[in-house]
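Everything on this sheet refers to the single structure shown next.
The values are calculated or read from the model by the stated rules, or taken from the named source; none is laboratory data. Keep in mind that this is a model prediction, so the values were computed, not measured. Here Cβ is always computed from backbone atoms with ideal geometry, including for glycine, and neighbour counts include all displayed protein chains.
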Amino acid sequence: MDNNELPKWHQELTIFNRIKPQIIIEGNIMDKYVYPEENDYQSKGVILNLKDYLNAFFRNLGYHHVIFYDHLKGFYNDSCDDGKKAIDDFAALVSKDVTEDHIEAPFSGRGANAAEIIDLALGQKEESVAVIMDFVSRYIVSPTQLSPDDVLSFTRLQKAVLGSSEVVESSGVHLKNTVILLTQKVNDLPVWFYLDNPLSKTINIQPPTKEERFSFVDTQFKSFFDREIYQAEIGRYEDESGRGELKKFKEKFTGITDGFSYTTLNDLRILCKNQKFHLNELTKVVDLYRYGVKDNPWEKLDFKDFEHAEQEFYQRVKGQDYAIAKTLDVVKRAMTGMNGLQHSSHTKPKGVLFFAGPTGTGKTETAKTLSQKIFGDESRCIRFDMSEYSQSHSDQKLLGAPPGYVGYERGGQLTNAVKNNPFSILLFDEIEKASPTILDKFLQILEDGRMTDGQGNTVYFSECIIIFTSNLGIYVDEEDPETYQIRKIQNVTPDEDYETIRKKVGGAIEHFFKYQLNRPEILNRIGENIVVFDFIRPETADRITDALINKIIRELLESKNITLSLSDKATDNLRKLAAGNLENGGRGIGNIIEEYLINPLSRYMFDNGIRSNTGITINDIVTDNGSVSLNCTLTEGNP
């Protein structure tokens, strides 16, 4: 194998084992690894734990002894075919007795002699030795609170390293006697033991890179599938075009497993085979592993169901044609698999939208309609009022408190919601009110599509659509020339055309993120997906008014068998009242309908003992000194 194709940490180990007698390996040490080289001690492409990997590595270099140590068992080797002979040979080298298959040797405390044995092994010049110390961080309680016995043991280990010899093997190869310490974090060791130590080298093992993950799926591809399925289907991919398609499956799998360990990749391999996935379903095993579902709701969406989606949205959200078209573009991009093609990450959310504009114009209703259309359920639109997360510690409330803090066991409100509903619309209302610490977290969610909660669990947002809403740009700050105090002034008005409003609101949003918040990178993640909603115009107000009236008529008929009708005069009156309250948007129109229709109608029904099976015609709406009443005609029984 070309040296450049080897994992970085493997390359470092190859270089520094010849010049450093002490190597600390930290990081992803609990993982499994694909052994990359063919030799007498291990086959290429075999999946190994780190101990077995290191055993093959050092034996391949020609080391006479490869011995493991931990504070529970002592010295041993359970990674080679003849571990008994390996420990017997090592015992003879250091003149120690073997108990069954190991040499008992405490690291610290009474009778501690582990460091002394390592000193003997590293100091002799007859036979090359590599001692691999496992679970090193567990030898002590704390790196900052060492007992005198702990200090003595680590000092003896340092002395052993200082006295390490170089051995010339019969083949003429020069090998340095080496001690390898395995720990998840180097700072779990006493800092004086490794800091500024010229004889020590720290090597960090990272999770597999994109290239390493692709190599894993490429070399192990056949073993991902049931034998009969593989033999029946591989034939269709044997020509050039088929191999290209096969490569796309592997590349997509590689992309969506970003951050996965080799152990997880191997779990996916076993799961894929056990569940009898087909070759073209390779990526579906990731959904099964992450979410416990075999069928992704996104893949069930039919293009035909969205042919007339605009009309369905228009029925619920009035007068926002541009916003609806822009929203559906994001959904169509997700359905066709085109989202994020310009980016390197394959785990980004399905879509990101930033809804801006006046209050009551349909931002939340659009999100709910979208949830109903995609997932068949409005409740899949999960709303977070970001005014509740304005404090600096609010990120713990949203994402979960770290270990040891109050509420740790409850997890975070957002992370819990996504774990329970990974296929959903996430609606963050009034995002400008969120704490900057939370906005920083959104950077990772928007870029990588994942977040680690306080409990250390990875939560994936790659199957969600994320929608931010904001009233930014409707009002702007201005300094009063007389008092020099900052006051809010209206930046856009219903008198302006939509294009003017869109530019003003867009400019205010850009100013907020770039100059007030100093987070232009958040704006970059949102991109061109800022959707500005228009004011409710008079003609739209009439449509909303009529829709609300018809809803009331329909509800009364279905629930109480009451037939309600309004005269043209009463309807026109309601329309005029609604048109005079457009600054509050659709909610303002709803308030008008409540005040001038629902409340007086409820009073009329109560006063006249009307419960059901009645016809009511509203002839006129009468206002008198702030009091509203209805002039009605009754029809006994439902006509």
Considering each of GLY580, GLY626 in turn, give the residue that is surrounded by fewer than 15 Cβ atoms within 10 Å (Cβ to Cβ) and either modelled with pLDDT of 95 or more or within 28 Å of GLN315 (Cβ to Cβ) (or both). GLY580
Among the residues of segment 400-441, write down those that are surrounded by 21 or more Cβ atoms within 10 Å (Cβ to Cβ), part of a helix (DSSP H, G or I) and not β-branched (Val, Ile, Thr). LEU414
Need pairs with beta-carbon distance below 7 Å; first residue in the same structural domain as ILE256 (by TED's automatic domain parsing) and over 13 Å from ARG269 (Cα atoms) and within segment 282-305, second among the small types (Gly, Ala, Ser) and modelled with pLDDT of 85 or more; sequence gap 6+ or separate chains. none
Have a look at ASP134, ASP188 and point out the one that is in the same structural domain as TYR35 (by TED's automatic domain parsing), on the phi < 0 side of the Ramachandran plot and at pLDDT 95 or above. ASP134
Got a number for residues in segment 428-455 being more than 21 Å from SER392 (Cα to Cα) and out of contact with any Pro (no Cβ under 8 Å at 6 or more places or on another chain)? 3
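Restricting to segment 373-389, and then to whatever is of a type outside the set (D, E, K, R) and surrounded by 13 or more Cβ atoms within 10 Å (Cβ to Cβ), can you tell me which residue is nearest to GLN413 (Cα to Cα)?
Top of the filtered list is PHE384.
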Which members of segment 125-147 meet the condition of being more than 46 Å from the chain's Cα centre (by Cα) and either among the basic types (Lys, Arg) or buried (at least 17 other Cβ atoms within 10 Å of the Cβ) (or both)? LYS125, GLU127, SER128
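Out of all the residues in segment 253-261, is one or more over 25 Å from GLY337 (Cβ atoms) and at pLDDT 90 or above? Let's see the steps before the verdict.
Step one: of segment 253-261, the residues over 25 Å from GLY337 (Cβ atoms) are 261.
Subset that is at pLDDT 90 or above: 261.
Yes - at least one qualifying residue is present in segment 253-261.
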ILE589 versus (1) in a helix (DSSP H, G or I); (2) over 46 Å from the mean Cα position of the chain (by Cα); (3) buried (at least 16 other Cβ atoms within 10 Å of the Cβ): which is the lone unmet condition? (2)
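Quick one: count up the residues across segment 554-577 that are part of a helix (DSSP H, G or I), surrounded by fewer than 16 Cβ atoms within 10 Å (Cβ to Cβ) and not hydrophobic (A, V, I, L, M, F, W, C).
8
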Among the residues in segment 112-130, are any assigned to a strand (DSSP E or B) and either on the phi > 0 side of the Ramachandran plot or in contact with a helix residue (DSSP H, G or I) (Cβ under 7 Å, 6 or more places away or on another chain) (or both)? yes
Using the structure shown, decide if LYS300 is loosely packed, with under 12 Cβ neighbours inside 10 Å and within 24 Å of ALA417 (Cβ to Cβ). yes
From the residues in segment 53-77 that are hydrophobic (A, V, I, L, M, F, W, C) and in a strand (DSSP E or B), which one is surrounded by the most Cβ atoms within 10 Å (Cβ to Cβ)? ILE67
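Yes/no matrix, rows are residues, columns are (1) assigned to a strand (DSSP E or B); (2) over 25 Å from VAL217 (Cα atoms):
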site	(1), (2)
HIS10	no, no
ILE15	no, yes
LYS20	no, yes
ILE25	yes, yes
ILE29	no, no
TYR33	yes, no
PRO36	no, no
LYS44	no, no
With respect to TYR262, is the statement that it is crowded, with 16+ Cβ neighbours inside 10 Å, closer than 23 Å to GLN206 by Cβ and not assigned by TED's automatic domain parsing to the domain that holds ILE374 true? yes
Sole residue being within 43 Å of the chain's Cα centre (by Cα) and either closer than 26 Å to TYR475 by Cβ or assigned to a helix (DSSP H, G or I) (or both), chosen from LEU548, LEU601, LEU597: LEU548
Inside segment 169-243, counting only helices (runs of 4 or more DSSP H) that do not spill past its ends, which hold 3 or more residues that are over 29 Å from the mean Cα position of the chain (by Cα)? 191-194, 227-233
Provide a single number: the residues in segment 508-532 that are surrounded by fewer than 17 Cβ atoms within 10 Å (Cβ to Cβ) and not basic (Lys, Arg). 12
